[in-house]
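First up is the structure itself, then whatever we jot down about it.
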6 protein chains.
Amino acid sequence: MYHHIKQLMYTVRIGQPDPHFGNMLLEQFGGANGELAAAMQYSVQGLNCDDPERKDLLMDVGTEELSHLEVVGTLARMHLKPLKNDRKAAHADPLIAIAGGGGVNLYNSAGDAWTADYLKITGELDVDLRSNIAAEARAKIVYERLIDFTDDQGTIDALQFLMTREITHMKAFTAALESMGKPTFSIGKIPPTPGLVDQYFNDSTGVGDRGEPDARGPWNEGGDWEMVTAPAFQELESASAGTRAPGSNGGSRRH
Amino acid sequence: MYHHIKQLMYTVRIGQPDPHFGNMLLEQFGGANGELAAAMQYSVQGLNCDDPERKDLLMDVGTEELSHLEVVGTLARMHLKPLKNDRKAAHADPLIAIAGGGGVNLYNSAGDAWTADYLKITGELDVDLRSNIAAEARAKIVYERLIDFTDDQGTIDALQFLMTREITHMKAFTAALESMGKPTFSIGKIPPTPGLVDQYFNDSTGVGDRGEPDARGPWNEGGDWEMVTAPAFQELESASAGTRAPGSNGGSRRH
Amino acid sequence: MYHHIKQLMYTVRIGQPDPHFGNMLLEQFGGANGELAAAMQYSVQGLNCDDPERKDLLMDVGTEELSHLEVVGTLARMHLKPLKNDRKAAHADPLIAIAGGGGVNLYNSAGDAWTADYLKITGELDVDLRSNIAAEARAKIVYERLIDFTDDQGTIDALQFLMTREITHMKAFTAALESMGKPTFSIGKIPPTPGLVDQYFNDSTGVGDRGEPDARGPWNEGGDWEMVTAPAFQELESASAGTRAPGSNGGSRRH
Amino acid sequence: MYHHIKQLMYTVRIGQPDPHFGNMLLEQFGGANGELAAAMQYSVQGLNCDDPERKDLLMDVGTEELSHLEVVGTLARMHLKPLKNDRKAAHADPLIAIAGGGGVNLYNSAGDAWTADYLKITGELDVDLRSNIAAEARAKIVYERLIDFTDDQGTIDALQFLMTREITHMKAFTAALESMGKPTFSIGKIPPTPGLVDQYFNDSTGVGDRGEPDARGPWNEGGDWEMVTAPAFQELESASAGTRAPGSNGGSRRH
Amino acid sequence: MYHHIKQLMYTVRIGQPDPHFGNMLLEQFGGANGELAAAMQYSVQGLNCDDPERKDLLMDVGTEELSHLEVVGTLARMHLKPLKNDRKAAHADPLIAIAGGGGVNLYNSAGDAWTADYLKITGELDVDLRSNIAAEARAKIVYERLIDFTDDQGTIDALQFLMTREITHMKAFTAALESMGKPTFSIGKIPPTPGLVDQYFNDSTGVGDRGEPDARGPWNEGGDWEMVTAPAFQELESASAGTRAPGSNGGSRRH
Amino acid sequence: MYHHIKQLMYTVRIGQPDPHFGNMLLEQFGGANGELAAAMQYSVQGLNCDDPERKDLLMDVGTEELSHLEVVGTLARMHLKPLKNDRKAAHADPLIAIAGGGGVNLYNSAGDAWTADYLKITGELDVDLRSNIAAEARAKIVYERLIDFTDDQGTIDALQFLMTREITHMKAFTAALESMGKPTFSIGKIPPTPGLVDQYFNDSTGVGDRGEPDARGPWNEGGDWEMVTAPAFQELESASAGTRAPGSNGGSRRH
C-alpha cells in the first residue's frame, strides 16, 4: 500500500530551461536504465520474493525509485516546458512539443515509449540481485553523463543526489547477495559439467585492423582455465589440410 | 569477419518431438535472456570497446553465443516441426504453425519478436561486464528450468552443454572485471556524495499481510550504514502531529 | 515522495490456484487497461498539471492505483505460482513458467511487455480528464469479465473491491471535468469552422450482409445536424453519370 | 467493402516546404492520436458491434478518418519531400530521409512505428464510445498545436478542416452514447459495492514544493462523497503512535 | 477519399465456431503478412508515388485489401465470439476473451499488436514493387496454411477467395515492375563495383550434421560468377600455416 | 558453428567524424533493412531449410551479412564517437550520447530498437527467396542514399563495397529461385480459383487532385486480364439509381 506526500524527495530548482538537456533527462524518466525501470524491477521482484527480509530491501529501494522518478520528471518538465510555444525549442523533442504540449511522458530521449522489456526479473532471488547490481551501475554512469552535459548548478545538484543514491543501492544489493552465503558461480541447483566449465573457447582469433591482439588474461589463463582453440577453427584447419576432423572422443561436442 | 562451419557446436538428437517444449525453448532462441541477446550484447560491446584485451574476450564469447543460437534453434526446430501439419500440436504455438509453417523465428515463448530493448550496452567497460555477469546468471537459470521441463535425454544433454557454458562465461567476465583493478562500488569518475551514500532509506515499513518484517541486515546495518527513516514517513509524522517538518538542515533534501 | 506500507490495501486470499485464470489476471497487472497503466497515466498527468487542485486529485488516484497494482499482482502471483514446477500448468503461460519461474512480470495475458504506448497523456487538463473517464470505464468492464471467469470467492471479493474503485474514480474525474466550467465540446482555444462542424458525412452506405441499415439517430439528425452525402459518393454519382463534379463553391473541400 | 476516389477530401496546397513541420505532421499520420489510430479504432469497433445503428455511425466516421489519413499524409509528404536530397533538411527526420527517400511512412514525429497498442477497443459499445469521445478531444488539441506551429496558410486551412471534423465526431459519439439511455456511471452489469464506491481515498497529502494544496472539490466533497484518510496514512499514524491498526471492521480492506 | 459500402466483398458464413481457428485467423487480420499490412503498404506507397499510372495500381490494390481486412475480421469475429462467455474456449485467446470481450482487435495469433514495422516502404517504386511481390507470396502461403487447418466449408470458401486475390495482385505487381523496363538487377542509380559484384563468398563451409553439402549451383557457378573462398577462411588458413595474409592487392578488402 | 577473425571484411578509414551522418548509418546497423536484419533473416531461414543446397546459400550470405554488420558498426562508431563529450554533436543522437556514451547499439536512425518484426521468414523456401530478393533491393537503395549524403571518401569506399555485395546477393537469390523450376506465380500447393484470379478490381477511380488518371497498363489489360469495375462501385451506382444490385450469379462474391 502506497502513500504520496506532495513534497519532492529533493527539491529541484533550475536557472534557464535547456530543452535539449530536458530531452536527454528523459533517459532517466522513461529510458531503459531510468527510474521507472528501477522502481518496477525491484518492486515486482519484491512482490515475487519469498525471503521476507530481502523482500523488504526490494520494496524499500523500489519505493525510493518512485520518489526519484518524480524528481527527475519534475526536472525534465522544467527544461521542456518551453517546447509548448517555442518553435525552435520544439526541434529538441517534437513529440513532447506536439503530442505532450511540453509535458513529459514515459519516453526516452529518442521518443521511444517505456517498455517492460527493459526489466530483468527472473523469480530467482540471487539472480535478481545480480541484475540489480548491474542496473545500479548503469544508472550511475547515465547520471554522470547527464551531469557532464549541463552547467546549471541546480540541475547538477539534483542529479548528484540521484546519482549518489544509485551507489547506495548498489552497495545494499551487493551486501544482500553476499549475505545469502551462496558459493561463487553457483546459480540454481543443477551443477555445470565439470571440465567443460573450465574450458575457454578462443572463438575470435588473429589481429584486428587496429592491432587488437588475441589476448590472454585471468579470464582465460591460470587457475582451472583450459585454453581451447575454438571448435570451428579446428574444423577449418582440418578442412584446409584436406582431412575431416575425427570428432572421435565419443561425445557430441566438437573441440 | 565471420566464418561459418556447417557442423553444430553440439550435435542435437531428440526422441519424440514435444511441441509445447519446443515453444518453451524459444525463450533461449529469441527470448529476453536467450542466445541472440547474449551474442549481440557482447559483440556490440566488443565493437565499442577500446581495451583491446577485454575486447577480445567480448568477441570470443559473443561468437560462441552465435554458435549456441544455432544449436538451440536447431533443437527448437526439431520439437516444433510437427506444428506444420498437426492441428492439435499447433495449439502449442499458433504463430509458429501458421506464420512459420513449423519453422522457428526470433520469437520468445509468447510469440513476442526479439527486440534490442533486451540488451544492456553502455559503452563503459566495467559497467558492461557487470551487466554480462548478471546476464549469464539469468541464462543459466532459464536453461535449468528448461531441463526441469523435459525428460528427453538428447534434449537434456544439449541443454546441459549450453547451461554449463553460461557459467564458464560468468567466470570469465568476473575475472575480467576484477583484473581491471577498480575499487569496489567505483563507477565512472564522479564520486558519490559522502554521508548521503551511506544512508539507508527505510521507505517500506510495517508488517506485511503474511508477516513480512521490517528487516535489518548487512544491507542496512553495520559498517558505514546509517539507518534513515524515510523522508515521506517523517513528513507524515509531522503532519499527523499537526506540524510542518522544519527541513532546517540547509539542504534541498528532506530526511 | 512515496512511502510504502507492507500491508496490502486489500488482503487477498484464494482457494485453489487456477493458472489459466492467473494468466488472465495479468491483463490488470501489465495489460493495456491495467493498474500500472492507470497509475502512470494519472501520476504523469499530475506531474505536468498546473492546476494545483486537480493535480492533487490526479496524485490521489494515481497513488491508489499503485496500491491496486500490488493487490492484483499478489493475486496473480498466487494463481501462477504452480507454473514453476507443474508442466501441464505451465501451458497456461510458458513465459511466466520459464522466464519468470512462476513469478509475475509486467506482461498482459498474451505475454506482451507493458508499454507506455498504452497511456493517454496530452498535457491539456480537460482532455486528460476525458481520457481518464474512458480509462476507468475500460478497467471496470475488464474487472467484470474477470469476475465472470472465476468461481473462487476470495478472488471475486478482491476483484469486486478493485472494480468498485474504478467507478469511484470515474465519478471523481467526471466531477473534476465538470467543475472546470468549460462549454461542451470546447477543446483548446481555436474554434471549429462553423457550418462544417455540424455536417454529418454519410461515408458508409447501403445495407449490410446481416441487414445493418443506413441509420439515422440523434448523432446525425435533429439539432444543428446537416446530413451530407459523403464526398466520395457524390464524385461517384457524377462519374457514373458521365460528368465531373463542378466543385464550384469556391472552397477546397468537396461535398 | 471500400471504394477509393482519387480526389482528396480536402485539396492541400502549401507554399514553402518546412521539413521540421512535416516531421511534426507525422503525429497525425502515424502517431498515437492520429488518423490511422482513429480510422482503425472506430472501424474495428464497428466490425465487433451488434447494435446495427451505432455500428453505422462507427463505420461512417471510421471511413472518414481514412480519407483524413490520406489528406494529412499528402500534406506531410509535401513538407518532407526535400529530405531526399537536402542534407541539412534531412536532420529534421533522418529516418524519412534515408529509409524513406523523403516519402512518408506510418511513423510518429519521433520515428516510432505505428502500433495497435494505441487503440482502445473493448467490445463493449458504451465503453468504446467513451474512448472515442476522449480520442477526438486528443486529436483536436494536437491539430490545434500543429496550427500554432506553422504560418503557411494552405497548411493552416487544411488543418482547420481536419480539426473541425474532430469536434463533429466528438458531438456524434456523445449523442450516440447519451441515446443509449444508460444511467450515469453504469458500466457493464455488475454493480459496484455501495458505500465503498462513494469513498474518496486521500492518498496524496501535505503541501507541495510549489505550494500545491491538499485540495477539496466536487470530486471529493458534497453529494455522497465520504472523505477517507488514505489506508496507508492510517497505518503510518498507528505505527508512529506505537500501535497496530485494529482492522477490526470484519472486512479485508483497511481504511 | 474513401467510401464504404456495408456489404462485404465476400459474404462469410460459417458452421460451428472454432475458437482456436479464430485465433489463427488473426494472423491475416493483424499479423505481419495480413490484410492491414497489405492495405497500408500499398496505400502509403501510392501516396508517395510520382508515377501516376502505377500509383493507381497501388491504390486499387491497397483499397481492395481494406475490403479483405473487413472480410477476414468478420470471419475471425464469428469464430471468436464464444470467448466472451465460454471459459474453456477462452484458453484459445485470453487476450480476446478478457480485453476484447470476444471482439477482434489488430493482433496476430500470439496477441502481438500490429506494428508498422511489418511494412516495407522505401519511396523507390521498383523496389517497392519487389517488396509487394514478395508480400503477396507470403500472404498466399499463410492463407493456404489456414485452409489446411479447418474443415468448415464456408470458412474454406472465403479463404479460397482471399487467397486467389493474392495471386492476382502478385501478377499485377510483376507486370507493373516489368513494364518499367529497368535492366535486371539495376536498383537506383549508382552501379555496383564491377568484378566484386560477381564474386560469391563461400562463407559457410564443411559438411553439416545431417550431411548438408558445401553446394554449387547457378547461384555461384556459371555465367560471370567467380567462386571466392571466404575472406575469414583465408585468414584462418594463413594463421594455421603460421603466416599472415599479405592483403597485397592494394585494396581495403581481404579475399 | 561460427568463428570470428579480428580483421574486418573491409577496413574502414574516415576523415572527419560526422555525427549526423553516423546517426544515419545506424539505419544499416540496427535498422529495418540493415545488416542485422539481413543476417538474421537468411540464417534463420537456413536453419529451417530442408533443401541442403539452398540452405548452404542462405548460410553463406547470412554469414557474410554478419561481417557487414561489423563493418558498418565500426564505421558508425567512428562517426559517433565524438558524441560522448561534445554537447552540440550530441544533438545528432542524444540516445547514443547519453545511454551509449558515444558507443553504437542496435538502433536505427530514430533510436528505435531493432526488432525481429523486420524479418520475413515463412518456412517456405521459394517464398523466402522472394522476400530476400526484395530485401537486397531495399538494402541497396539505402546504401545509395547514404553515399549521396557524405563527401568522405573513406566512408564512400566502404559503403560502395557493402552496396555492391547487396546486388551480388540479389543475383544469387534470383538464380536460386529460378533453379527451383517452379511455374511462375505458383506458390504452395492449392491453386487459385480460375477466372477470379484474372480479374482486376478497379477499386480506385476518378482523377486525382494532381491529374492522376484512372490508368490502364499490362497489370490490368492484355493477356488473361479481365477488367472489373470494383464491387463497391457497382453497389454505389445501383444505389444512386435507386435500385439494389441483384447479386444474382449464385455466388457469395459481388462484382
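The values are calculated or read from the model by the stated rules, or taken from the named source; none is laboratory data. Everything quoted here is computed from the prediction, not taken from an experiment. In this analysis, Cβ positions are derived from the backbone assuming ideal geometry, glycine residues included, and neighbour counts consider all displayed protein chains.
Please determine whether any residue of the stretch D:8-29 is of a type in the set (Lys, Arg) and crowded, with 24+ Cβ neighbours inside 10 Å.
From the stretch D:8-29, those of a type in the set (Lys, Arg) are D:13; that's our starting set.
Among the residues that remain, those that are also crowded, with 24+ Cβ neighbours inside 10 Å are: none.
For the stretch D:8-29, residues of a type in the set (Lys, Arg) and crowded, with 24+ Cβ neighbours inside 10 Å: absent.
Does D:Gly111 meet the test of being at the interface with another protein chain (Cβ under 7 Å from one of its Cβ atoms) and over 16 Å from C:Asp117 (Cβ atoms)? Spelling it out, it is not the case that D:Gly111 is at the interface with another protein chain (Cβ under 7 Å from one of its Cβ atoms) and over 16 Å from C:Asp117 (Cβ atoms). Condition check for E:Asn85 on (1) modelled with pLDDT of 95 or more; (2) out of contact with any helix residue (DSSP H, G or I) (no Cβ under 7 Å at 6 or more places or on another chain): one failure, at (1).
For F:His3, state whether it is out of contact with any Gly (no Cβ under 8 Å at 6 or more places or on another chain) and either free of Cβ contacts under 8 Å to residues at least 12 places away in the same chain or more than 14 Å from chain A (Cβ to nearest Cβ) (or both). Don't jump to the end; show me each part of the working.
Values: out of contact with any Gly (no Cβ under 8 Å at 6 or more places or on another chain): yes; either free of Cβ contacts under 8 Å to residues at least 12 places away in the same chain or more than 14 Å from chain A (Cβ to nearest Cβ) (or both): yes.
The answer is yes for F:His3.
The residues of the stretch F:114-125 that are of a type in the set (S, T, N, Q) and within 14 Å of chain D (Cβ to nearest Cβ) amount to a single one, F:Thr115. Condition check for A:Arg13 on (1) within 12 Å of chain C (Cβ to nearest Cβ); (2) touching a Ser or Thr at 6+ places or on another chain (Cβ under 9 Å); (3) closer than 30 Å to A:Thr150 by Cα: one failure, at (1).
Assessment of the stretch B:93-110 against the conditions (acidic (Asp, Glu) and closer than 21 Å to A:Pro231 by Cβ) yields no matching residue.
With more than 26 Å from the chain's Cα centre (by Cα) and at pLDDT 95 or above as the only criterion, which of B:Leu162, B:Leu196, B:Leu177, B:Leu146 stands out? Don't jump to the end; show me each part of the working.
Numbers: B:Leu162 fails: more than 26 Å from the chain's Cα centre (by Cα); B:Leu177 fails: more than 26 Å from the chain's Cα centre (by Cα); B:Leu146 fails: more than 26 Å from the chain's Cα centre (by Cα).
Criteria check complete, one pass: B:Leu196.
Applying a threshold of 8 Å to beta carbon distances and a minimum spacing of six or more residues, or different chains, the list of pairs starting in the stretch B:126-145 at a residue that is more than 20 Å from B:Leu159 (Cα to Cα) and more than 7 Å from every other protein chain (Cβ to nearest Cβ) and ending at one that is surrounded by 24 or more Cβ atoms within 10 Å (Cβ to Cβ) and charged (D, E, K, R) reads B:Asp128/B:Lys120; B:Leu129/B:Arg54.
Inside the stretch C:171-189, residues that are surrounded by 18 or more Cβ atoms within 10 Å (Cβ to Cβ) and either within 30 Å of D:Phe161 (Cα to Cα) or touching a Lys or Arg at 6+ places or on another chain (Cβ under 7 Å) (or both) make up a count of 5.
Exactly one residue among E:Gly101, E:Gly111, E:Gly73 is at pLDDT 95 or above, out of contact with any Pro (no Cβ under 9 Å at 6 or more places or on another chain) and on the phi > 0 side of the Ramachandran plot, and that residue is E:Gly101.
Give B:Thr63, B:Thr74 a once-over and let me know the one that is farther than 18 Å from B:Asn132 by Cα, in a helix (DSSP H, G or I) and within 7 Å of chain F (Cβ to nearest Cβ). Don't jump to the end; show me each part of the working.
Numbers: B:Thr63 fails: farther than 18 Å from B:Asn132 by Cα.
One residue alone meets the criteria, B:Thr74.
With respect to A:Val12, determine if the residue is part of a helix (DSSP H, G or I), of a type outside the set (Ser, Thr, Tyr) and in contact (Cβ under 8 Å) with a residue 60 or more places away in the chain. Walk me through it before giving the result.
Working: part of a helix (DSSP H, G or I): no; of a type outside the set (Ser, Thr, Tyr): yes; in contact (Cβ under 8 Å) with a residue 60 or more places away in the chain: yes.
When the stated conditions are applied, A:Val12 does not pass them.
Within the stretch C:200-234, the set of residues being outside any loop (DSSP other than H, G, I, E, B) and surrounded by 18 or more Cβ atoms within 10 Å (Cβ to Cβ) comprises C:Tyr200, C:Phe201, C:Asn202, C:Ser204, C:Thr205, C:Pro231, C:Ala232, C:Phe233, C:Gln234.
Can you tell me which residue within the stretch A:177-218, out of those that are within 14 Å of chain F (Cβ to nearest Cβ) and in contact with a His (Cβ under 8 Å, 6 or more places away or on another chain), is farthest from B:Val61 (Cα to Cα)? Lay out the reasoning, then the answer.
First, the residues of the stretch A:177-218 that are within 14 Å of chain F (Cβ to nearest Cβ): A:201-215.
Those left that are additionally in contact with a His (Cβ under 8 Å, 6 or more places away or on another chain): A:201, A:203-205.
Working: A:Phe201: 8, A:Asp203: 7, A:Ser204: 8, A:Thr205: 12 Å.
This residue is A:Thr205.
Annotation: of all residues in the stretch D:146-156 being in contact (Cβ under 8 Å) with a residue 12 or more places away in the chain and not in a loop (DSSP other than H, G, I, E, B), the one that is nearest to C:Pro191 (Cα to Cα) is D:Ile147.
Could you list, in sequence order, the residues of the stretch F:153-165 that are more than 8 Å from chain E (Cβ to nearest Cβ) and buried (at least 19 other Cβ atoms within 10 Å of the Cβ)? Can you show your working first?
Of the residues in the stretch F:153-165, the ones more than 8 Å from chain E (Cβ to nearest Cβ) are F:153-156, F:159, F:162.
Of everything in the stretch F:153-165, those that are more than 8 Å from chain E (Cβ to nearest Cβ) and buried (at least 19 other Cβ atoms within 10 Å of the Cβ) turn out to be F:Thr155, F:Leu159, F:Leu162.
Yes or no, residue by residue, for (1) surrounded by fewer than 24 Cβ atoms within 10 Å (Cβ to Cβ); (2) part of a loop (DSSP other than H, G, I, E, B); (3) β-branched (Val, Ile, Thr):
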residue: A:Ala92; (1), (2), (3): yes, yes, no
residue: A:Gly103; (1), (2), (3): no, yes, no
residue: A:Ala110; (1), (2), (3): no, yes, no
residue: A:Thr122; (1), (2), (3): no, yes, yes
residue: A:Asp126; (1), (2), (3): yes, no, no
